[in-house]
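Every number here is computed from the coordinates shown, using simple stated rules; none is lab data. Since the model is a prediction, treat every value here as computed from it, not as a measurement. Glycine gets a Cβ as well: all are built from the backbone with ideal geometry, and neighbour counts include every protein chain shown.
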Amino acid sequence: MQALRSETQELVIFSIGEISCAIDIVHIQEINKHLDITTVHGASKTVRGVLNLRGQIVTVLDLRVKFGLESACIGDEMRIVIVRAGNENIGLLVDAVDDVVVASKPDLEPPPSNVGGISGAYFTAIYKTENGLVALLDIEEILKKEQTS
């Protein structure tokens, strides 16, 4: 049994297009602004490329493409959020990292069937802030291989 896990969690809030998203900080290895991404020809559309992170090759997923949005040119505000998936690190390309907040678990609500036109399957919860709604990403769902419907 998990010993009394805190009733709060730290969320890293970032934007993808017009949508505010978040990941529980426990899943994040680091946030990187080094955006020297090498294209991988023949890779899935969601794979923006790979990044050499201190000698380790990290696959970078474009969350804009994953969510059905238009891919964007790399800009100054963009970041790569490095998360752990099994025994490897995966980079998630986001438009900007906005904030880190401490959220009370009772303030988290189940996600609707879609968030801004994006399938609710990609989200585990919705968190209400003063500035609007933040959708918590389901890391496992985001990292699943694309399957044709």
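What's the longest uninterrupted piece of the chain once you rule out the GluC sites (Glu not before Pro) that are loop residues per DSSP with at most 14 other Cβ within 10 Å?
With GluC sites (Glu not before Pro) excluded where exposed in loops, the chain gives 78-129 as its longest stretch.
Above 25 Å, the calculated P(r) of the chain contains 26 percent of its Cα-Cα pairs.
Label separation (Ser113 vs His41): 4.3 nm, computed from points 7 Å beyond Cα along the C-beta direction.
Using a simple charge model, +1 on the beta-carbon of Lys and Arg, -1 on the beta-carbon of Asp and Glu, nothing else, what dipole does the chain show about its Cα centre, in debye to the nearest 20? Display every interim value, and only then the final one.
Working: 13 positive and 21 negative charges, 102 e Å.
Using Cβ point charges on Lys, Arg, Asp and Glu, the chain gives about 480 debye.
Farthest toward the dipole's positive end in the range 1-65, which of Thr59, Val40, Phe14, given Cβ charges of +1 (Lys, Arg) and -1 (Asp, Glu) about the Cα centre? Working it through, the farthest residue towards the positive pole turns out to be Val40.
May I ask for the net charge around Ser20, where only other residues with Cβ less than 10 Å from the Cβ of Ser20 are counted and Lys, Arg are +1 while Asp, Glu are -1?
Here the charged neighbours net out to -3.
Report summary: the helix-based calculation at 222 nm, which adds -39500 (n - 2.57) for every DSSP H run with n ≥ 4 and divides by the residues of the chain, gives -1000 deg cm²/dmol. Take every Cα pair under 8 Å whose residues are at least 6 apart in sequence, average their separation, divide by the length of the range 9-82, and the relative contact order is 29 percent. In order along the range 76-91, the Karplus-derived 3J(HN,Hα) couplings, from 6.51 cos²θ - 1.76 cosθ + 1.60 at θ = phi - 60°, round to 4, 7, 5, 9, 10, 8, 8, 10, 8, 10, x, 10, 9, 8, 10, x Hz, and Gly and Pro are given as x. For the range 1-64, trypsin sites (Lys or Arg not before Pro) meeting the loop criterion (DSSP other than H, G, I, E, B) and having at most 15 other Cβ atoms within 10 Å: Arg5, Lys33, Lys45, Arg54.
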